[in-house]
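Notes follow once the structure below has been shown.
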Amino acid sequence: MSDLEFLKQVNETIETNKEDMISSLSHLLQIPSVAVETPGEYPFGENVQKAYDATLDMAREEGFAVYNADNYGGHIDFTGKGEGIVGVVGHLDVVPEGDGWSFDPYGGEVKDGWICGRGTTDDKGPVIASFYGMKALKACGYEPKKTIRLILGLDEETNWHGMDHYLEHVAELPDLGFTPDGDFPAIHGEKGIIVFELVRKLKLFSGKGLELSSLRGGTAANSVADHSRAVVRDSAGGGYDKIKEMVQAFREEKNASRLNCQIRCKGIGKSLEITVQGVSAHGAKPEKGVNAITVLLEFLGRLNFASEDINDFIEFYNSHIGYELHGESIGCGFSDEPSGKLVFNVGMAEFDKEAARLTINIRYPVTMDDEKVYAGLMSVLDRYDIGIVKGKHQEPIYIPADDPLIKTLMDIYEAHTGDTESKPLVIGGGTYARAIPNTVAFGARFPDEIELGHQKDERISVDNMIRLSKIYAEAMYRLSELEE
């Protein structure tokens, strides 16, 4: 049987298993698997464990070998007859759901040709599509040359501690592979990622006047903050009529500029609450969202707080961050030819009486390093007495477009889509491709699709689930047969 005839048989098997594939994904979507680091038997919480157990059980039922690294992560093996491993690296955890959904984010609903819920595109849907591709290859009698290994990460959206633990304990790493957690046609570079806090200590305020009692915004560093809330209090007893008028004028101003946000205010006890609803987006693509923290601080910059420390920090934010997305005014507006501009996202904010904190997520160009970014930032931050608390760092990766891995994946993509115009990409997103050498992101978002990962109303079409499974089945087959 020729390769084309065999792959046609595999595709027909995937079509036959369509309803089972949908059911498997729907079941996983009903588990709110947001990773929460937890002491004891379940390192990322009971819900992540439920999703993990369900996936391993599904593999065992199909006769695949499984490996579990102490509930920190594991893999499903389609054992090959020769040496070498093809890795397919996905994850079962999801970002928090946020607000504003038009359906239950954890309902697993199938409606009008769509499978709906948090994780459908990032990354439960692609994991299930990959698994059913493996299952179809096996059902059609394929004996892979290299072992095909579906690796299951459990805290990709947070700290990658699970992947670190898994890699420390697994006996052998893949020789090459892909992660179904990015964009098509294929991603041959990923920008470096740093997450850190900007912190300004505040002098305790004991006088009279307008106080910023608290400010909170955002839920994750790698998402555009879609909500923010400030509580202000006038300890001098002047009332809030003027501020309410300013909120109304600000709302009208934003409506006129067609900025997609909502700002409201209401009294709570002796204080005034001001809230902003923005638009969520992935932190790698902040231009697709509206940052509620930025909108709120723009408004608060029009007020005169009794604490000069608060006024100074708000002025710093509006002058050096504001609506900019590439770090131009804060000293890190860098770019390079392969990957373009640095991306700057404010994911979370927290002000209290002792300090103002911003959680920042930066995606920097592939030819640079993090120290250059930090040096650029400090040239501005030192003037405001603002410190940096360094957190997560992932170095950039880059594989040339003419590498056999990239060329093979591009050929598969073109064969399934007819798209001969799209070129390999460099992205700002951070995938598990960084964790395993000679691994790149391959899908799952097609070029003509709206980005729904990390956003409300995340969903995937049934047709695209089938198409993904066929593409990933062929990728596993071709890479297993690929000569070194």
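All of the numbers you see were taken from the coordinates with simple rules; none came from a lab. Note that this is a predicted model, so its numbers are computed, not measured. Glycine also receives a Cβ, built like all others from the backbone with ideal geometry; neighbour counts cover every protein chain displayed.
Pairs of alpha carbons in segment 209-293 separated by more than 19 Å make up 44% of all such pairs.
Length gained on full extension, ALA249 to GLU350: 33.8 nm, using 0.36 nm per residue less the C-alpha separation. Summing charges over neighbours of SER422, with a neighbour being any other residue whose Cβ is under 15 Å away from its Cβ, gives -4 when K and R count +1 and D and E count -1.
In the distance distribution for segment 327-484, Cα-Cα pairs more than 23 Å apart total 53 percent.
Estimated purely from DSSP H runs of n ≥ 4, each contributing -39500 (n - 2.57), the mean residue ellipticity at 222 nm for the chain is -10000 deg cm²/dmol once divided by its residues.
Where Lys and Arg each count +1 and Asp and Glu each count -1, what net charge lies around ALA65 among other residues with Cβ under 11 Å from its Cβ? Taking every Cβ under 11 Å from that of ALA65, the sum is 0. Computed over Cα pairs, the Kirkwood radius of segment 1-150 leads via Stokes-Einstein (1.306 mPa s, 10 °C) to a diffusion coefficient of 96 µm² per second.
The relative contact order of the chain, computed from alpha carbon pairs under 8 Å that lie at least 6 residues apart in sequence, is 24 percent.
Taken over segment 271-331, the percentage of Cα pairs per 10 Å bin, counting from 0 up to the bin with the maximum distance, is 21, 46, 27, 5.
Each Lys and Arg contributes +1 and each Asp and Glu -1, all at the Cβ; summed about the Cα centre of segment 193-394, the dipole is approximately 680 debye. The convex hull around the C-alpha trace of the chain, projected and averaged over every direction, spans 24.0 square nanometres.
Taking only the C-alpha atoms of segment 193-394, the Rg (one decimal) and the largest Cα-Cα distance, Dmax (whole number), read 17.1, 57 Å.
Annotation: the residues HIS75, HIS282, HIS393, HIS320, sorted from fewest to most other C-beta atoms within 10 Å of their own C-beta, follow the order HIS393, HIS320, HIS282, HIS75.
Of the cross-linked pairs LYS201/LYS266; LYS203/LYS353; LYS18/LYS124; LYS18/LYS470; LYS50/LYS392; LYS111/LYS138, those separated by over 19 Å at the C-alpha level are LYS201/LYS266; LYS50/LYS392; LYS111/LYS138. The Rg/Rh ratio of segment 169-235, with Rg taken over Cα atoms and Rh as the Kirkwood radius over Cα pairs, comes to 1.25. Counted over the chain, the DSSP beta bridges are approximately 80% antiparallel. Here THR431, THR367, THR179, THR408 are placed in order of increasing Cβ neighbour count within 10 Å, fewest first, which gives THR367, THR408, THR431, THR179.
The order of the peptides 262-273, 107-118 by mean Cβ neighbours within 10 Å, most packed first, is 107-118, 262-273.
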